[in-house]
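In what follows, a single structure is set out as structure tokens and then discussed.
The values are calculated or read from the model by the stated rules, or taken from the named source; none is laboratory data. Being a predicted model, the structure only gives us computed values, none of them experimental. Here the Cβ is made from the backbone with ideal geometry for all residues, glycine too, and neighbour counts use every protein chain on show. To get the accessible areas, we keep the full protein, side chains included, count just its heavy atoms, and leave off ligands, DNA and RNA. Shrake-Rupley method; radii C 1.70, N 1.55, O 1.52, S 1.80 Å.
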2 protein chains.
Amino acid sequence: MKLEKFLNPKYIAVIGASSNKNKVGRKVFDNALGASNCSVFPINNKEKKIAGHKAYGEIGGLPINDWKNLLVVFAIPAKHVLTELKKCTKLGVKNIIIISAGFKEASTKGLEMEKEIMELAFKENINVLGPNCLGFINNDKKLNVSFSNFNIGDNGIKKKNNIAFLSQSGAIGSAVLDWVSNKNIGLSYFVSLGNKAVLNENDFLEFLERDSKTDLVILYLEEISQGERFLEIATRFSKEKPVAILKSGRTDLGEKMTMSHTGSMAGSYDVVLTAFRRAGIIVLDDVNQLFNLMRLIKSPAKNLYGDLAIVSNAGGPSVLAVDKLSENNTSLAVFSKKTKEDLKKFLPIFCSIQNPLDILGDACPERYEKAIDLALSDKKVSSLLIILTPQSMTNSGEVARAICKIKDRYKNKMIVTSFLGGPEVAEGKKLLAKHLIPNFDTVEEAVDALSGYLLYLKNRTNIKKYNLTGVGKKNFSSFKILDYLDGFKLLKDHGIKTVPCKELKMESLGKIKYPITIKFTGPDFVHKTDEKAIFLNIENASQAKKVLQEFKKMSLKTNFSDRNIAVYQPMEKRKMELIIGLKRDSNFGPILLLGLGGIYTEVYKDIVLEIGDLNKKKAFEMIKRLKVYPILKGVRGEKGLSVEKLADAILALSKISKKYNDITEMEINPLFIDEEKVLAVDVRVIKGL
Amino acid sequence: MKLEKFLNPKYIAVIGASSNKNKVGRKVFDNALGASNCSVFPINNKEKKIAGHKAYGEIGGLPINDWKNLLVVFAIPAKHVLTELKKCTKLGVKNIIIISAGFKEASTKGLEMEKEIMELAFKENINVLGPNCLGFINNDKKLNVSFSNFNIGDNGIKKKNNIAFLSQSGAIGSAVLDWVSNKNIGLSYFVSLGNKAVLNENDFLEFLERDSKTDLVILYLEEISQGERFLEIATRFSKEKPVAILKSGRTDLGEKMTMSHTGSMAGSYDVVLTAFRRAGIIVLDDVNQLFNLMRLIKSPAKNLYGDLAIVSNAGGPSVLAVDKLSENNTSLAVFSKKTKEDLKKFLPIFCSIQNPLDILGDACPERYEKAIDLALSDKKVSSLLIILTPQSMTNSGEVARAICKIKDRYKNKMIVTSFLGGPEVAEGKKLLAKHLIPNFDTVEEAVDALSGYLLYLKNRTNIKKYNLTGVGKKNFSSFKILDYLDGFKLLKDHGIKTVPCKELKMESLGKIKYPITIKFTGPDFVHKTDEKAIFLNIENASQAKKVLQEFKKMSLKTNFSDRNIAVYQPMEKRKMELIIGLKRDSNFGPILLLGLGGIYTEVYKDIVLEIGDLNKKKAFEMIKRLKVYPILKGVRGEKGLSVEKLADAILALSKISKKYNDITEMEINPLFIDEEKVLAVDVRVIKGL
């Protein structure tokens, strides 16, 4: 859907505008009045005038005929919304905000009303924001169509319009807006997404992708809408502009993937993080990181290459910065030979010429200036953190002035400061703020904010566009486990080597080569280990006979499925046990899983996930992300195990997921791996019916 | 050492005070002049008057004879310090601050000068703070004996004197002081520890333990001095008052414990963290957490029991708070039946009566007041986080007023707020600050600050006083590996079951029961796996002969130690392989290690450490901290492994460490464990010579 007209209306009508200043509708009306180049009409069938403006009793009575350029805001009780929406539809209105609450978030009845609105909107191709939202702000147009008190005119935001902030929570949205409003932060758009009945984050991302006023999008989300569409848009988007997301409900394991082993180890946030990684999203862990990123990004340099340098007048804070960098896996730049020589020329002899560069406690503004200049001129340096602690020789104002002076010569580098302290560094901090240089009260916050952004910059060239799997999603009413031997056949058909596996029959016990493993399989034996349905090291026919007799005895029970069978396999030696699996996520499509198998699986949770559209390179990347990878690769001069064949097996699962869209879940556990091959020893395949 | 007189001098002399206002000595002099009930003398052999005060050419010329009550501050070049110190010593001066830099931090010559100062100070029993420090502040006495600009008179600190802040870094110290100075934070003492040549954190902790003005001690340290003494004092101290430490150099693995496997897995910060855990220290991860703790603790309730409750007018921030709580392993209180019933009586019907308690977006101040009152009255609630987001019905000022009103009725509970936003919540925030109720800009920061403190409160009753091991530390010039069979004997003598192990000799090959494992042991085979000195599954005498011939061949090489021998052991079955070990840390004494053995040791690093003074309870706690514990305990109805015998083995190592103070390191790797026993299969013992 195109949102240009939605976000830039010529006319706005507020249904529910009122003379009562405490009403939400009135607040929206008052806010909207401030817009430039936009006529705003109050709609109220009981009042004649509202705040000095003629009120209209009906939407149809408005003195316009250009309905496509009208944005209608609903601030009326939920039960009246549908009726009014239908009127709008008939007039040809295409852009709607439903502020009203009382829909799916409130009750079953609300949910039903919301569904009706959705159906109507999709049928008539109408943009609906909400319900249960604050509205939106288009800051460049000075357009506040929300009931937030955010004052467009009063803050420094006009200078820069570069961050779009979308929030699913109205409360978080209004808190962040309020926080932003007395900071020097550039906001292009604010959108309160509400219940996301029709428009969701993806629609706005598609719009913002082509919006020249937006350099960065920050989202607060409680859940991702249309996961595969999100992946498609976000992988394209974040190659050009950064997208940062704070997702709440991270530790809620309630939505765990279910049924099989594979699933129970990967919580839904793990899947979301996998999608974020795939899409090059900057992942925010808390609101503080959200604030810090907002403060960091004044006007992000487009072509930033290289690593971080630090210049400081004290050792302590540098150590803290390095600790944090190391915890965040962010690298420090290594100064070039020339930079080092130039630094050596003017710095005191005690200075150790390295990064972080400690220019000592007696550093005067001139020393800061020269050191900063040289660090920034180094090609390996993309960004600079300048640390200043109160010292008798240090005039924070003068140092800040020097930074402001140098700044303009290095427009394609990022400069961040950490002037530590209060009154003694106040002058410098004031000056930095005036020149839009972000200052952080602690070096750790500076590093934290930088790390996520620098990581994004480093990875973004590798972001590969996500291709929709093209497999229509189905809603299955029930599921069945594929027959055991059919599961093995499926693997074999896709090139995954399997352990020989046959049904165990009384008459053939004498012809088998022992030792063997016997397994009871089928619908009554889903968790074989738990149900004692695995018999290792069966050494001869008489032992095998006993086991088989046990199975026969079980089969006499009522409800014992005739799809249960006893099978046998030769005993295989293992070098290492792994698990590979696949789970069709209702949001992000097929998700592949690779992990350590055997008894340690659940305690060490050495598991990696990947989005299903993978190639061999991505399969190798999965393997390398395993903690156990050093052993797979071969330690202490030992020959490594066959990661090549392992990558092939993962790819085969990906292919299976594309070929059979009724396979909702499958797991090979264990998958033995040795120097030459991988070998599937057990498999479970679940199909939707 | 007693520091009462040091911190409360009757007279102060500043050697190096000067008419030049830029000199450090002058700054210290000016600051000291502000003290009440204390005479301050400038000492300068070139000037007659300094800032209107008569200057004295020599310390001996001062018009006093009560030298024990004099504090002398040195602000002169390092090279003159010793001479002046000797003069002071002769006069009977006992309290000295050396501000001057240029000692061990600067050069070898400086290190030597510092050593001479140390020797003199210890010989004459003189308190020396520094060198290379800012000095100290005794806020209650309005005494600033430092060159920090911290203005005692100007800030709100006088109201409360409860946090003592000790900093090893002068820069961090001055930054924190400066930051504190316009906040409503109570500071009892600030001490800049500098090089800690004589006085260190332990001396000040001993003083602060009995200081009624100090409720909490926060330290910034680069290293812990006298680890065992620290443990002794801190375990006693933190049972009464909290101690929080930010240690820098956390990720520096440079000081790794060395030589054996045991060591290489435990970095020095791991050992420090183990000591902190043992002592009930609140561990700070960064300066932000330090600031947040300072803001949290206005006047900590002494007897705080129970868990955290949250009251909020919005769902989003509550979810974020719960995410953070869960990440920090902090529990939420469960409201009592009565509290729930009382809440239900007045809250809107849509409210879900649980913790966090969402009192909805339309919550008026009265609803806040009642909900807060009921939550605080619940016995299971020790602390309350009140979240407020800007909403049209919410008047932040009124809510703040309600909180301030209730507060005094719950003096033994902790109240923290998170009023989210800027201008819209400014009135409320101002009021909270005035009433010393800590407010955090994000809920995550509030939770982060609370978590560490609540965890401390929960654990502090379990803090056991550390008993010095009583084993004099020795400096060994070299080390030797104990002969292999002697190592096994040592274990056997201390009740640890060992696998039978004998020297392998040609003449007895025929009499051995096969299969066996053969190992080459001794000084040339320290890392048996790397050096291919282990031969598993030797099935008969001829295979054994081949291996032994190989050993004989190696023994012909020059420099092949005659302490090397080939040994054999029966092949033992394993359920699980563990490692236990012990390392005598130069700072904290014997450290015990328990971890997963076998091939996964290095990848999963499932290792726990403990301070050497352990008992069986602590040994069990170590076992329970292992990630692999669920398997040891027994999963899926399987019988568990013998954790009882494992605890005994750990205790045995602890006993060995006390009995033989020349054993610097030992490791049993692998230690097999099954349902009935543990079995040492390999051992290495290192002794100091």
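Structural remarks
- Within region A:393-414, tally of residues that are free of Cβ contacts under 8 Å to residues at least 40 places away in the same chain and away from chain B (no Cβ under 14 Å): 14
- Test: B:VAL643 is within 14 Å of chain A (Cβ to nearest Cβ), among the β-branched types (Val, Ile, Thr) and open to solvent by 10 Å² or more (accessible area, probe 1.4 Å): no
- Annotation: A:THR558 fulfils all but one of (1) open to solvent by 80 Å² or more (accessible area, probe 1.4 Å); (2) on the phi > 0 side of the Ramachandran plot; (3) more than 14 Å from chain B (Cβ to nearest Cβ); the unmet one is (2).
So that you can scan it fast, the table gives a plain yes or no per residue for (1) over 12 Å from A:GLN569 (Cα atoms); (2) more than 14 Å from every other protein chain (Cβ to nearest Cβ); (3) exposed (fewer than 12 other Cβ atoms within 10 Å of the Cβ):
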position: A:LEU490; (1), (2), (3): yes, yes, no
position: A:HIS494; (1), (2), (3): yes, yes, no
position: A:LYS497; (1), (2), (3): yes, yes, no
position: A:GLY510; (1), (2), (3): yes, yes, yes
position: A:ILE516; (1), (2), (3): no, yes, no
position: A:ASN537; (1), (2), (3): no, no, yes
position: A:ALA541; (1), (2), (3): yes, yes, no
position: A:LYS553; (1), (2), (3): yes, yes, yes
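- Any chance A:ASN69 is out of contact with any Ser or Thr (no Cβ under 9 Å at 6 or more places or on another chain), within 14 Å of chain B (Cβ to nearest Cβ), farther than 27 Å from B:SER352 by Cα and among the polar types (S, T, N, Q): no
- Matching residues in region A:521-561 - criterion: being under 25 Å from A:GLY510 (Cα atoms) and among the charged types (D, E, K, R): A:LYS532, A:GLU539, A:LYS545, A:LYS546, A:GLU550, A:LYS552, A:LYS553
- Subset tally (residues that are away from chain A (no Cβ under 14 Å), in a helix (DSSP H, G or I) and open to solvent by less than 10 Å² (accessible area, probe 1.4 Å)) for region B:173-220: 6
- Search result, residues across region A:50-92 that are among the polar types (S, T, N, Q) and out of contact with any strand residue (DSSP E or B) (no Cβ under 8 Å at 6 or more places or on another chain): A:ASN65, A:THR83, A:THR89
- Enumeration of residues in region B:434-449 that are under 18 Å from B:LEU325 (Cβ atoms), in a loop (DSSP other than H, G, I, E, B) and either of a type in the set (Val, Ile, Thr) or more than 14 Å from chain A (Cβ to nearest Cβ) (or both): B:PRO438, B:THR442
- Whichever residue in region B:2-41 is within 14 Å of chain A (Cβ to nearest Cβ) and among the polar types (S, T, N, Q) and, among such residues, is nearest to B:LYS142 (Cα to Cα): B:ASN31
- Within region A:240-264, being at pLDDT 90 or above and more than 13 Å from the chain's Cα centre (by Cα) holds for one residue alone: A:LYS241.
- Tallying residues that are surrounded by fewer than 16 Cβ atoms within 10 Å (Cβ to Cβ) and over 24 Å from B:ALA244 (Cβ atoms) within region B:406-462 yields 5.
- Residue in region B:266-273 that is within 21 Å of B:LEU457 (Cα to Cα) and at pLDDT 90 or above present: yes
- When region B:611-632 is filtered for residues that are open to solvent by less than 10 Å² (accessible area, probe 1.4 Å) and away from chain A (no Cβ under 14 Å), the ones remaining, listed by number, are B:ILE611, B:GLY612, B:ALA619, B:MET622.
- Unmet criterion (only one of (1) closer than 17 Å to A:ILE98 by Cβ; (2) in a helix (DSSP H, G or I)) for A:LYS68: (1)
- Qualifying position, being assigned to a loop (DSSP other than H, G, I, E, B) and buried (at least 21 other Cβ atoms within 10 Å of the Cβ), among B:ALA17, B:ALA32: B:ALA17
- For region A:594-610, filtered to residues that are of a type in the set (A, V, I, L, M) and facing chain B (nearest Cβ under 9 Å), the residue that is most open to solvent (accessible area, probe 1.4 Å) is A:ILE599.
- Any hit, region A:61-77, residues being touching a residue at least 12 places away in the same chain (Cβ under 8 Å), exposed (fewer than 14 other Cβ atoms within 10 Å of the Cβ) and under 16 Å from A:VAL24 (Cβ atoms): yes
- Being in contact with a Lys or Arg (Cβ under 8 Å, 6 or more places away or on another chain), within 14 Å of chain B (Cβ to nearest Cβ) and of a type in the set (Ser, Thr, Tyr) is a description that does not apply to A:SER418.
- Within region B:379-396, the set of residues being farther than 27 Å from A:ALA75 by Cα and not in a loop (DSSP other than H, G, I, E, B) comprises B:VAL381, B:SER382, B:SER383, B:LEU384, B:LEU385, B:ILE386.
- Where B:LYS532 falls short, out of the listed (1) surrounded by 15 or more Cβ atoms within 10 Å (Cβ to Cβ); (2) under 41 Å from the mean Cα position of the chain (by Cα): (1)
- Identity of the residue in region A:530-554, in a loop (DSSP other than H, G, I, E, B) and in contact (Cβ under 8 Å) with a residue 24 or more places away in the chain, that ends up farthest from A:VAL272 (Cα to Cα): A:ASN540
- Residue that is surrounded by the most Cβ atoms within 10 Å (Cβ to Cβ), among those in region A:79-108 that are charged (D, E, K, R) and more than 32 Å from the chain's Cα centre (by Cα): A:GLU84
- Only a single criterion out of (1) away from chain A (no Cβ under 14 Å); (2) closer than 26 Å to B:GLU228 by Cβ; (3) touching a helix residue (DSSP H, G or I) at 6+ places or on another chain (Cβ under 6 Å) is not satisfied by B:TYR660, namely (3).
- Residue in region A:365-378 that is under 23 Å from the mean Cα position of the chain (by Cα), part of a helix (DSSP H, G or I) and either within 24 Å of A:GLU398 (Cα to Cα) or not small (Gly, Ala, Ser) (or both) present: no
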